[in-house]
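Here's the structure we're looking at; comments come further down.
What follows is calculated from the coordinates using simple rules that are stated; it is not laboratory data. It should be emphasised that the depicted structure is a prediction, and the values quoted were computed from it without experimental measurement. Positions of Cβ are generated from backbone atoms using ideal geometry, with glycine treated the same way; all protein chains shown enter the neighbour counts.
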Amino acid sequence: MFAYYMHLAWRSVKRTPVISSLMILTLAVGVAVSMTMVTLQHVMSNNGLAEQNNRIYALQLNSASTGPASSTNTLKNGLPYLLSYRTAMALLDSNIPEHQIAMHRWAAAVSLQDNRVKPSKEVIRVTTKDFFALFGVPFIYGKVWDKQADYDAQYQVVLDRPTNERLFNGENSVGRSIQLNGKPYQIVGIVEEFAPQPSVQDLSQGAFGGNAGIYLPFGLHRALSMMPYGTMSCSITGDNIQFPTDPVEQYNFILQNRCFWLQYWAELPTAQSKTAFVDYVTGYYEEQRKNDFFEREFKYALSTPSEWLELNGVVSNDTRVMTWMALTFLVVCIINSIALLLAKLLRQSSEAGVRRALGASRSAIFSQNLLESGLIGILGGVLGIGFSQLGLGFVRMLVSRDEAQVVYSDAYTIAITVLLALLASMLAGCYPAWRISKTSPAQSLKSQ
Amino acid sequence: MLKMEHIAKVFRTDTVATHALRDFSLHVKAGEFVSVTGPSGAGKTTFLNIAGLLEPFDGGSYQLDGISVHGLSDSQRSKLRNEKIGFIFQGFNLIPDLNIFDNVDVPLRYRGFGRAERKRRIEDALAKVGLSARAKHLPSQLSGGQQQRAAIARALAGEPAFLLADEPTGNLDTTMARQVMELLEQINSQGTTIVMVTHDPELARRAQRNIQIVDGEVADLTLRQAV
Ligand SMILES: Nc1ncnc2c1ncn2[C@@H]1O[C@H](COP(=O)(O)OP(=O)(O)OP(=O)(O)O)[C@@H](O)[C@H]1O
Ligand SMILES: [Mg+2]
C-alpha cells in the first residue's frame, strides 16, 4: 500500500506544481535557516576533548591583586583564566596529577637550513612534556623531550603530521632540525595533528586560535625571554615596586610576579586525586597569601573540557538566541505549509469521497494524505540541505578564516535537516489529512 | 440481502431538522433488480448512502447480507463496502487524472489483491462493459456513456454482490441511457443484486420491482409487501 500511496502522492504533487513548489520552498527555507543556525551552534559547542571530560581539568586561581579588578582577564566565574609562571612552576612540583601541563602560545619564523621551504610565521605551543599524554596525542615517530627540557633550555622540537608533511614530505624527520627565528632546533618527535574545534585546550585567543602544529619545551623561557603570542596581563601593586632596567632582570621580574599568561591543565582521573590536588593547591595558595603573593581569599576552579567551553562563552548567547529565532521561523514556515496543504488537500476531498465509496477506510485516506505531506517534506528537506549549504557559505564569508574552516555541516546535521523537514511536513500534514479523512463521503460526493 | 427495518435519518442544522427518512423499511432479496423512484428531496440518495454504509442512521436496524451494520467500526464498514458493494453515481465520479485502468484499479487496491489478480479483474471488467480499448484513456477523453460504463466496470471489478446506482443515466441521452440499462440488466442476470434510483419511469418499469419513496417513506405498501 505504501508504494501505491507514494505513487498517488507523486501524481498529486505533479498535478498541482505551483502550490506544491511553494510548500516545498517554504519548508526548505525554514529548514535551511534553522539548520544553518543549528550547525553553527553544533560546531561551536563541539567538544573535541569530550572523551577526557571526567579526567582532565583546567585550573583557575583567585590570583588577581586587590586593586580595581580588570574584568577583561577573568571568566564568568570571576577568576582570571591564566596563571602566573611562578604559580605554574610551584604546581608542577606536585606529583598528584597523573599528568599536568603549563603552556602558552608563541610564534616564530620557521625555516630550514637548506632553504627548501619558504620561511613562514607559525603558531607554536610552548608546553611541559605531559601535553601529549594528557590530551592523548599519539607519536608517529620519536618521542617527547626529556623532563629536564621542561626546566633547562634544550633546543628541541616536536612537529605534528601536517607540519612534517609540509617541511619533510612526511618522512621520519626525527634527528633532523628546523630553524625557529634562525636558530636550529632538533626534531625529537612527530605527533598526529591535534586541532580540536573549538580549541578547548586554549581558548584565550578565541574559539579556534589555540591550535598549533609545532611544540617547544617549556624550559626555553629564560633563554629566549619568551613572551606569549597572545595574552599577558600583569597585576602589580605596591608602594616600592621598581621595574628593573636590565633585560634579564626584567624578564625575571615578570616570571616571579603576578603576570598571568599560562594555561594550566591537570589530569586527575579519580575523586581522591582531585581532592588531594585541591589540598595541594590550597596549601600552596595559603602559604603564598602569607607572603602577599596572593591578596584575595582562596578560590579555585577545576573545569572539565565541556565546563571550560561553557565558562569561556564559546557558545555565545547570541548563537543560542539566533538558533531559537531560526527554529521559531521554522514553526512559522510549518504553519504556512499547513495552510497551503489544507487548501490543496481539501480540493481533493471529492476524490477522497470516491475512494471512501470504493472501500477506503478513514485511516487509509489519512495515511494517503499524510504520505503526500511526507513526500513534500522530503523534497523540502533535500532542497533545504542545498539552501543550508548556501547559508553556511554565507556564514563562512562573514566569520574569520579560522572559524570558516569549521563551519561545515557533517552527516549528523544533514541527517537532522532531512528529519526535521520530514517531521515538519508530517506535522503540517497531520491536520489537513485528519480533516479530509473525517469529511463524510456522502457529503464530498454530493459536492462533486 | 438487504434488510432495513424502521430506519430513521435526521439531518440537523443549527435551525432545522430534516427528516430525510422516517420509519423506512425495505427488504431486497439476493438477485433482485429494484428501481427506486420518488420526487426530488424524498430521500432516495439518503437511502442509497445508508444502504452503501456511507452514512450512519439514527434509528432502526439494517442488515446487509446477514450482517448487522450497527456498531461496526469504520474500517469494518469500509471492508464490507469494499467487498460487497459497488457504487455507480449520476456524475460518474471517475478520478479525473487517473486513466480508466487505474480508476478501475482503485477498489482492488483497497481489497489488497496482488498485481496479477488486479490486472485480470480490471481487464475482465473493462471487457464486460466494452471498454477494453480505452483502458489508457483519461476520463475526460471519453463520452458520457463511456465514462459511466467505466464507472460500472470499476463498481464490478471487485465482484460485489450488491450494486447501488444513483441515477446512473441521469446525465446521459436516451440511447446511451438504454445501453447502460442493458448493461445493468445483463449484470443482474448474472446474479448481482441491483438497487437503482431513477427519474425515468420507463427504466423504472424495466426493473423487477419498483418502490417509490415519498417524504422519507416507502409509499406503495402493496409493492413493499409483494416481496
Ligand atoms: N447533508 C444534509 N444536510 C441537511 N439536509 C440534507 C442533507 N442531505 C440531504 N438532506 C435533506 O434530506 C432530504 C432528502 O435528500 P436526498 O438527497 O436523499 O433526496 P433525493 O430523493 O435524493 O432527491 P433528488 O431526487 O433531488 O436527488 C432533502 O430534504 C434534503 O434537503
Ligand atoms: Mg438524489
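Express the relative contact order of the stretch A:52-311 as a whole percentage, based on alpha carbon pairs under 8 Å and six or more residues apart in sequence.
Value for the stretch A:52-311: 34 percent.
Taking C-beta distances below 4.7 angstrom as the pairing criterion, name the unpartnered cysteines of chain A, in sequence order.
Among the cysteines of chain A, those whose Cβ sits 4.7 Å or more from every other are A:Cys333, A:Cys430.
Quick one: work out the % antiparallel among DSSP beta bridges in the stretch A:159-303, nearest 5.
Roughly 80 percent of the DSSP beta bridges within the stretch A:159-303 come out antiparallel.
Which of the DSSP-defined H helices in chain A satisfy a minimum axial length of 30 Å, computed from C-alpha atoms, and a minimum mean Kyte-Doolittle hydropathy of 1.6?
Membrane-span-like by this criterion, though nothing is claimed about a membrane: A:17-44.
Quote to one decimal, in nm, the extra length available between A:Ala133 and A:Lys147 on full extension: 0.36 nm per residue of separation minus the C-alpha distance between them.
Gain on extension, A:Ala133 to A:Lys147, equals 3.7 nm.
Taking the C-alpha atoms of the stretch A:52-311, how large are the radius of gyration and the largest Cα-Cα span, Dmax, in Å?
Just the Cα atoms of the stretch A:52-311 yield Rg and Dmax of 18.5, 57 Å.
At most 13 other Cβ atoms within 10 Å and a DSSP loop assignment: could you name the trypsin sites (Lys or Arg not before Pro) in the stretch B:101-184 that fit?
Here the sparse-neighbourhood loop sites are B:Lys136.
Calculate the FRET efficiency for B:His19 and A:Ala339 from the Cβ-Cβ distance with a Förster distance of 35 Å, rounded to the nearest 0.05.
With R0 = 35 Å, the Cβ-Cβ based efficiency is 0.35.
Cut-off under 23 Å on the C-alpha distance; same-chain residues fewer than 8 positions from A:Lys76 excluded. Which lysines are left, in chain and number order?
Hits, sequence-local ones excluded: A:Lys274, A:Lys299.
Please give the charge dipole size of the protein assembly as shown, origin at the Cα centre, charges +1 on K and R Cβ atoms and -1 on D and E Cβ atoms. Round to the nearest 20 debye.
Approximately 2360 debye in magnitude.
Within the stretch B:2-223, count lysine pairs with alpha carbon atoms under 25 angstrom apart where the residues are 8 or more positions apart or belong to different chains.
Lysine pairs meeting the criterion: 21.
Subtracting the Cα-Cα distance from 0.36 nm times the residue separation, let me have the gained length for A:Leu423 to A:Arg289 in nm, one decimal.
Length gained, A:Leu423 through A:Arg289: 42.3 nm.
Show log10 I(q)/I(0) for the stretch A:187-288 at q = 0.25 Å⁻¹, two decimals, from a solvent-free Debye sum over equal Cα scatterers.
-1.29
With N set to the residue count of the protein assembly as shown, report its C-alpha Rg divided by 2.2 N^0.38 Å to two decimal places.
1.60
Can you give the calculated 222 nm mean residue ellipticity of chain A, where each DSSP H run of n ≥ 4 adds -39,500 (n - 2.57) and the sum is split over every residue, rounded to the nearest 500 deg cm²/dmol?
So the helix-based figure for chain A works out to -16000 deg cm²/dmol.
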